[in-house]
Amino acid sequence: MSVESSAHTAAPRRVVIENCAIATVDARDTEYTSGHLVVAGNRIESLGSGPAPAGLEHVARRIDGTGHLVTPGLVNTHHHFYQWITRGLAQDRNLFDWLVTLYPLWAGIDDEMCYAAAQGSAAALLRSGCTTSTDHAYVFPKGGGDILGAEIRALAELGMRFQPTRGSMDLGESHGGLPPDTCVEDTDAALAATAEAIDRWHDPSFDSMLRVTAAPCSPFSVTRELLRGAAELARAKGVRLHTHGAETVEEEAFCREKFGMGPTDYLESVGWLGEDVWMAHCVHLNDSDITKFAATGTGVAHCPSSNARVAAGIARVPDLLAAGVPVGLGVDGAASNESGELGAELRNALLIARLRGGPAALTVRQSLRLGTMGGAKVLGREHEIGSLEPGKLADLAMWRLDGVSHAGLADPVAALVLGAAAPLTLLLVNGREVVEQGALSRVDEEEIARNVTRAVTRLHGG
Ligand code: ZN
């Protein structure tokens, strides 16, 4: 092979988008009313006002973005994919009653069902502009097969950037926990499986499509030993830690009765505050808790729809942001947020914050930041994703705002956050097309729907 042809082969494929509004969500919130963005390979090469530079080579696609807003791809910081096949149940329960109703059903999941559930969950996320997602899998029934492996396969096929967690529960009902004993694992076995998952899959590279996190489930379903052991393991292996914290008043009462302190103080006592930790919900934080989160850099996954669905309360997001706590958005498990769409959480986060804190509690741009850079920071990937800047990974969403729902709506960011769910013309993950004209590019949506229906039937013994 000649030097010339070798250079030609190595040249990155370019995608050029022009004539679009751009919200970069960089440190200065730079926006362009009509600009361009050039993707080369899996990176953003350049962006700015007006048309793309002349003379670009290897342009595989040139897209006219007239009437569109381009934003960073959204980042989902909390989910339970397996719950996609238990949606619509326990409709009118608070968290503990909802969990107690669903645990016995979850004890019957296996890898095949979780593959379908991950497909359904990721489809909803991608179709709503999400390019990176975590997943908190914490139910691993005996004989359930390779549940995490099945999820990872599903996400790779769909083309999504993934940060799965190896979750766990080891505090069953007979030892004072909430879940039935059939849903929990042995402490040492859970830690060994977590270590194995990290060794098998975790890729720390800059453009990693797969990073693994250690994630014991919650103060009321895991032992102190598992929390301590998972923290030691994660720090030894250089991966992040995730759990639920301060979600409901019932959890607060559980912690005070069992440990003599609130959930944040308890988690701190077992080594669970730090910049390598993020927690879901954090609805019931007092001022001292918020100070501790800020001082340690502990992140928060804010899940407004789920918090409303189980009536957990309204998280103090404006106070967390004012204190400097990293906050991202999460859809949470699909059994407490049946839509599973992250795009909708931009709007819900803003509306719910204002119900608590008034009309200035959260702006449309703060909401977009929560769903992009906020999430990237929470997952420890703020240098790679979360904003549109040269050199960062090409994860971006191109929203159509000149259709019947949005035409004439002042301010494209307001149109995206306050308006109807915007149609997604294009979604790129790592520079590759994964959604085009609102539909998944790489997997047949009807086949996913059939897989999900079949998994639900099997779960119910059909
Ligand atoms: Zn959750």
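Quick notes on this one:
- Sequence-ordered 3J(HN,Hα) estimates for the stretch 141-152 from the Karplus curve with 6.51, -1.76 and 1.60 and θ = phi - 60° stand at x, 4, x, x, x, 8, 5, 5, x, 5, 5, 4 Hz, glycine and proline given as x.
- Label positions at ASN286 and GLN437, each projected 7 Å from the Cα along the C-beta direction, are separated by 5.8 nm.
- On the beta carbon distance between GLU225 and THR66, with R0 = 45 Å, the FRET formula returns roughly 0.15.
- The distance between label points at ALA420 and GLN91 comes to 2.5 nm (points 7 Å beyond Cα on the Cα→Cβ vector).
- What a 1.4 Å probe finds exposed on the chain is 51% carbon and sulfur by accessible area, rounded to a whole percent.
- Per residue, the solvent-accessible area of the stretch 74-378 (1.4 Å probe, heavy atoms of protein chains only, all protein chains present) comes to 32 Å².
- Near the amide H of ARG240, within less than 5 Å, lie the amide hydrogens of ALA214, all on another chain or at least 5 residues away, with H placed in the peptide plane.
- Residues with amide H under 5 Å from that of LEU210, placed H, sequence gap 5 or more: PHE162, ASP203
- If R0 is 41 Å, the Cβ-Cβ spacing of ALA407 and ALA295 corresponds to a FRET efficiency of close to 0.30.
- Our coupling estimate for the stretch 280-287, obtained by passing each phi through the Karplus curve with A = 6.51, B = -1.76, C = 1.60 and θ = phi - 60°, is 7, 5, 6, 6, 9, 9, 8, 4 Hz, Gly and Pro reported as x.
- The shape of the stretch 74-378 comes out rounded: with a ≥ b ≥ c from the C-alpha gyration tensor, a/c is under 1.5.
- Taking the C-alpha atoms of the stretch 259-303, convex hull volume expressed per residue in Å³: 68
- Residues whose amide H falls under 5 Å from that of HIS68, counting only those 5 or more places apart or on a different chain, are ALA21, LEU401, with hydrogens built in the peptide plane.
- Heavy-atom accessible area ranking, 1.4 Å probe, most first, across HIS460, HIS284, HIS406: HIS460, HIS284, HIS406
- Euclidean distance between Cα centres, the stretch 357-379 to the stretch 397-462, Å: 21
- Computed from phi, the 3J(HN,Hα) profile of the stretch 246-258 under the Karplus parametrisation 6.51, -1.76, 1.60 (θ = phi - 60°) reads 6, 7, 9, 5, 5, 5, 4, 5, 4, 5, 5, 6, 7 Hz, with x in place of Gly and Pro.
- Contour minus Cα-Cα distance for ASP146 and ALA449 (0.36 nm per residue): 106.9 nm
- Other residues with beta-carbon under 9 Å from the beta-carbon of ARG127 carry, at +1 per Lys or Arg and -1 per Asp or Glu, a net charge of -2.
- Within the chain, the longest run free of trypsin sites (Lys or Arg not before Pro) that sit in a DSSP loop with at most 16 other Cβ atoms within 10 Å is 143-441.
- FRET efficiency for the GLU275 to GLU389 pair, using the beta carbon distance and R₀ = 25 Å, is estimated at 0.70.
- Inter-site label distance for ASP203 and VAL100 at 7 Å from Cα along Cβ, in nm: 4.4
- Extension gain from ALA11 to GLU196, taking 0.36 nm per residue of separation minus the Cα-Cα distance: 62.9 nm
- For the stretch 29-174, the Rg and Dmax computed from alpha carbons only, in angstrom: 20.7, 70
The values are calculated or read from the model by the stated rules, or taken from the named source; none is laboratory data. All values derive from a computational prediction rather than experimental measurement. All Cβ positions, even for glycine, are placed from backbone atoms using ideal geometry, and neighbour counts span all protein chains on display. The area values use the complete protein model at the heavy-atom level, side chains included, leaving out ligands, DNA and RNA. Shrake-Rupley method; radii C 1.70, N 1.55, O 1.52, S 1.80 Å.
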